[in-house]
Amino acid sequence: VALERHSGHLETISTPMGMMNVQHGKDLTRIGCLIATGGIFAHHAKKSSIRIFKGALSNREPFSLRPQKPQFYVDTNYIMYGIGLLSKYYPEKAIKVLKKNLSRIDQYERMD
């Protein structure tokens with residue numbers, strides 16, 4: 001749902017100069033990493049997270065501007081909400097805590 005909400009899409013329209021693509025929303029195709037957070041990711045098995053990532057990136061819309069080849073991370077301890085608060089006053093500490101609480105889902109795991 002979040003990717004649908006935040007990713008833009010292209011629309012082909014007819015103009016006096018011919019057919020043209022018009023971008024609506026943000027182009028996220030080159031985003032290098034996605035972080036999944038929330039109870040569903042913190043309390044379910046890694047395979048569930050992988051299925052959710054696959055579904056989120058599936059190309060249901062041919063003109064979608066969703067990320068194409070991102071690295072995936074899961075907020076395994078549901079800590080992101082606190083990192084935002086902590087980062088305002090202690091940004092370096094916030095990054096350290098965040099890095100300790102993210103689990104990377106490697107490419108080979110995504111293909112299972």
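The values are calculated or read from the model by the stated rules, or taken from the named source; none is laboratory data. Values in this document were obtained by computation on a predicted structure and should not be read as measured data. Glycine also receives a Cβ, built like all others from the backbone with ideal geometry; neighbour counts cover every protein chain displayed. With ligands, DNA and RNA removed, areas are computed over all heavy atoms of the protein, side chains included. Shrake-Rupley method; radii C 1.70, N 1.55, O 1.52, S 1.80 Å.
Count neighbours as other Cβ atoms within 10 Å of each site's Cβ, and list the trypsin sites (Lys or Arg not before Pro) in segment 18-49 that are DSSP loop with at most 12 such neighbours.
Passing sites in segment 18-49 are R30.
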> S48 to Y81: FRET efficiency via 1/(1 + (r/R0)^6), r the Cβ-Cβ distance, R0 22 Å, to the nearest 0.05?
Replying inline: 0.60
> Taking Cα atoms, how many degrees apart are the long axis of helix 46-57 and the longest axis of the chain, rounded to 10 and kept between 0 and 90?
Replying inline: 20
> Which value, in nm² and rounded to one decimal, describes the direction-averaged projected area of the C-alpha convex hull of the chain?
Replying inline: 8.9
> Considering the Cα trace of segment 9-73, what is its radius of gyration and what is Dmax, both in angstroms?
Replying inline: 15.8, 54
> How large is the helix-only mean residue ellipticity at 222 nm for the chain, computed as the sum of -39500 (n - 2.57) over DSSP H runs with n ≥ 4, divided by its residue count, in deg cm²/dmol to the nearest 500?
Replying inline: -10500 deg cm²/dmol
> Using Cα pairs under 8 angstrom and six or more residues apart, how large is the relative contact order of the chain, in percent?
Replying inline: 27
>> Just the number please: accessible area per residue for the chain, 1.4 Å probe, all protein chains included, in Å².
In response: 73
